[in-house]
1. Calculate I(q)/I(0) for the stretch 87-238 by the Debye formula, one identical point scatterer on each C-alpha and no solvent, and give its log10 at q = 0.09, 0.12, 0.17, 0.18 Å⁻¹ to two decimals.
2. If each Cα of the stretch 310-465 is one equal point scatterer, what is log10 of I(q)/I(0) from the Debye formula at q = 0.15, 0.17 Å⁻¹?
3. Could you give the angle, 0 to 90 degrees to the nearest 10, between helix 69-86's Cα long axis and the longest principal axis of the Cα atoms of the chain?
4. If each DSSP helix of 4+ residues adds -39,500 (n - 2.57) and the sum is divided by the residues in the chain, what number results at 222 nm, nearest 500 deg cm²/dmol?
5. Got the relative contact order for the stretch 585-688 handy, in percent, Cα pairs under 8 Å and 6 or more residues apart?
6. Hey, could you grab the Kirkwood Rh for the stretch 1-130? Inverse mean 1/r over distinct alpha carbon pairs, Å, one decimal.
7. Between residue 523 and residue 544, how many nm apart are label points set 7 Å from Cα along the C-beta direction?
8. Return the distance in nm (one decimal) between the two label points of a simple spin-label model at residue 383 and residue 590, each offset 7 Å from Cα along Cα→Cβ.
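The numbers here are math on the coordinates, done by the rules we state, and not lab data. Computed from a predicted structure; not experimentally measured. Note that each Cβ is placed from the backbone with ideal geometry, even for glycine, and that neighbours are counted across all protein chains shown.
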Amino acid sequence: MTTPRKILVTSALPYANGSIHLGHMVEHIQTDIWVRFQKMRGHECYYVCADDTHGTPVMLAAQKQGITPENMIAKVREEHLADFNGFYIGYDNYYSTHSTENKEFSREIYLKLKANGKIAVRTIEQLFDPEKNLFLPDRFVKGECPKCHAQDQYGDNCEVCGTTYSPTELINPYSAISGATPVLKESEHFFFKLGECADYLKKWTSGSSILANGQTQAHLQPEALNKMKEWLDDDHLNDWDISRDAPYFGFEIPDAPGKYFYVWLDAPIGYMAAFKNLCDRIGMDFNNWFSVGSNTEMYHFIGKDILYFHALFWPATLRFADYRAPTAVFAHGFLTVDGQKMSKSRGTFITARTYLDGKLNPEWMRYYLAAKLNSKIEDLDLNFNDFISRVNSDLIGKYVNIAARAAGFIGKRFSGSLCDVGNSALLTQLSAAADIIAEHYEQREYARALRDIMALADAVNEYVDANKPWELAKQDGMDTCLHHVCSELINAFHILSVYLAPVLPKIAVQTAEFLNIPALTWANSQHRLPENHVINTYQHLMHRVEQKHVDDLIEANKQNIQAAPTPAQAAPNAEYTPLADTASFDDFMKIDLRVAKVLSCEKVEGSTKLLKFLVDLGFEQRTIFSGIAAGYPEPEKLIGRMVVVVANFAPRKMAKFGMSEGMITSASGNGQLFLLDVDSGALPGMRIG
Ligand SMILES: [Zn+2]
């Protein structure tokens, strides 16, 4: 056994203005598996989370429903908790950021930052809705993109051309709440002087922690560190506006009436508040965990989209408020469904509730996602055909069947009693894998852990086929042999269940009941069930997934949106973009469009937008950068297809990435991008016109 560690783990806080969907579940399942693993290893591990409750969207949603924000967030929290419980997410505390603990911590941290000279007060101009009498957050202002002139773009960035800007740059802006034309109004805002924290953050982001057991843990994953360097190296670290004006649902800033903490200030502090609430409940010393120099560990599991907040703002906040920093931040990628972004209209924006109500087994999804998760920041795809075949072949075919095949004979022929399995080579092989599987879990390489476990299950099934207990049962004088084989299989099932327990917590409990033993711990993997140990009658552990389960699930999610359509979901057509000026044929022919074949396509290190193509134009090959990465998360899949290229643009230097020798055309709208296609038979180099 390794040195016992003290570990605090969090998942990102779900926002209290929306349902829990499978995207959330990826993260909470990833975290839960890790926590369950640590607990099984005998470490003192706590897992806390909370609803993120503050901000304008919650305030407006409550208004719309005619209830107070407090009532709304209480109701939503219950729904969220029921959804997470349904997927067996085992929080030690699931709290709310609208709590007295969080209010006290937020004020205290703010005052410490102020005392440490890290708060500035500045007057800024902001768009104000004169009908609703409130300052408009960026996402509540819409208008025409100043760059590409697409209509109805949000105040912070254009979903068509990808440009970021400030809401005051929008052409013909309007309030997304009332439709009124916003006016510019001055207001005093409070800023956290993040720019002054750059030296500390450069050190922290590239640094690591030494754990109580002597191992080293990098604060960030390599990909996350690279991303942070983009901001830190070019001194792109702007001071952070942490205040909002009334009306706002949140905590008022001390000595600043009418000013509230921005939701993103008090959200991560919510981790502390949730943990403090737990400490008070179970009589544990909070300061032991959060004071500078604490030898406890703290890990935040998050999505890649909120790295900026967790890898920069949060460590800086803690540092300059005299608290310990996180041990590490673990980011994961996004979930796609059948290779595409989750889509409400396709029914693939799947909520936890429809999954549970559709009587789909949550452990199917836990297993499937675990089988795809690793320690990298990669998107992962839920492919429903793969889901059905993997769950049925691995969980039913390879794992559960082992118990089903052996338990009947043990019950009927041997009164449930096991024999001594002696030095079973099969069981020795299974036990010997404990350390390497544990290391995979520890490193969040769940896909590898499950691959190893299923290879062991294969070995067990080969043993079944070689020894054929069903035939031994028919032969006279083979009882001892049958007893031995089946006892080995029950022991093998026990060890496999230990290895799978972090992923399949309900089956782990059922297995302990079936085997008539206390809850499974990791150490069980080294033990044999003793001679004459009596097991209970086997109850079926899991059913197969059928295609109908999946079809019904997608249908239910389609109906979900029909029940509550929003304008964006209801519109099947592209948004109208005004036509460009009239062009002559000669104008058109100035643009030399050619068919090209994609020879290679890859992501560009240091850019989230660009893909790097090598294309064949028939007469030559060219390197072209294209800003379509968001629409094509798996660029290698584009290799071999035809695209349409503007071939006579002058080569253009793309910042630090290199020269781009042309442009790849795509259709855009509704915030999405689509490459053009050519009918089969067209050859590279053919001209379009
Ligand atoms: Zn634009």
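1. -0.51, -0.87, -1.19, -1.19
2. -1.00, -1.13
3. 40 degrees
4. Details: 22 runs with 253 residues, N = 689.
That calculation yields -11500 deg cm²/dmol at 222 nm.
5. Computed value for the stretch 585-688: 32 percent relative contact order.
6. Evaluated on the stretch 1-130, it is 17.4 Å.
7. Going by the 7 Å Cα→Cβ label model, 4.1 nm.
8. Modelled inter-label distance: 4.6 nm.
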